[in-house]
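Below: one structure, written as structure tokens.
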Amino acid sequence: MDAVLNFAAEGGDDYYQLLGCDELSTTEQIVAEFKVKALTCHPDKHPQNPKAVEQFQKLQQAKETLTNEERRARYDHWYRSRIAIPFHQWEALSGAVKMEHSMEKMLSGL
């Protein structure tokens with residue numbers, strides 16, 4: 001409970017900020033921003049940076065989420081709600097709740 005009450009979003013949780021764009025950005029703009037940012041932390045280009053892999057993976061996750069129409073809609077819903085858990089946890093919980101609801105509906109028809 002304390003984790004939820006004291007949650008503070010990290011920079012890695014705000015995909016728009018991470019990529020340097022906003023909610024109105026098009027898919028093309030997001031991809032362009034990704035390419036620019038990826039050059040600054042790509043592990044092959046910066047082998048001396050021990051955090052390069054982690055930074056690049058965060059950028060990839062942000063790009064993959066924001067360029068997928070369905071996933072972006074879920075992210076935007078989470079983003080606007082300001083719910084006190086990271087997006088990937090919220091998404092996992094949402095999927096579990098939907099699955100449980102589907103199972104209940106299926107079992108009630110027996």
*For region 75-91, take each phi angle, set θ = phi - 60°, evaluate the Karplus expression 6.51 cos²θ - 1.76 cosθ + 1.60, and give the result in whole Hz per residue in order, putting x for glycine and proline.*
4, 4, 4, 4, 4, 6, 6, 6, 5, 8, 9, x, 3, 4, 6, 4, 5
*Could you tell me whether region 15-74 comes out rounded, prolate or oblate from its Cα gyration tensor? Rule is a ≥ b ≥ c as square roots of the eigenvalues, rounded for a/c under 1.5, then prolate if a/b exceeds b/c, otherwise oblate.*
prolate
*Using a simple charge model, +1 on the beta-carbon of Lys and Arg, -1 on the beta-carbon of Asp and Glu, nothing else, what dipole does region 8-72 show about its Cα centre, in debye to the nearest 20?*
320 debye
_Contour minus Cα-Cα distance for Lys51 and Arg71 (0.36 nm per residue)_ = 4.6 nm
*Using the Cβ atoms and a cut-off under 13 Å, what net charge is assigned to the surroundings of Leu39, where Lys and Arg are +1 and Asp and Glu are -1?*
+1
*Mean accessible surface per residue for region 44-87, computed with a 1.4 Å probe while every protein chain stays in place, in Å²*: 68 Å²
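The values are calculated or read from the model by the stated rules, or taken from the named source; none is laboratory data. What you see is a predicted model, and the numbers here were worked out from it, not measured in a lab. Every residue, glycine as well, gets a Cβ built from its backbone with ideal geometry; the counts of neighbours run over all protein chains shown. We work out accessible area using only protein heavy atoms, side chains counted, and drop any ligands, DNA or RNA first. Shrake-Rupley method; radii C 1.70, N 1.55, O 1.52, S 1.80 Å.
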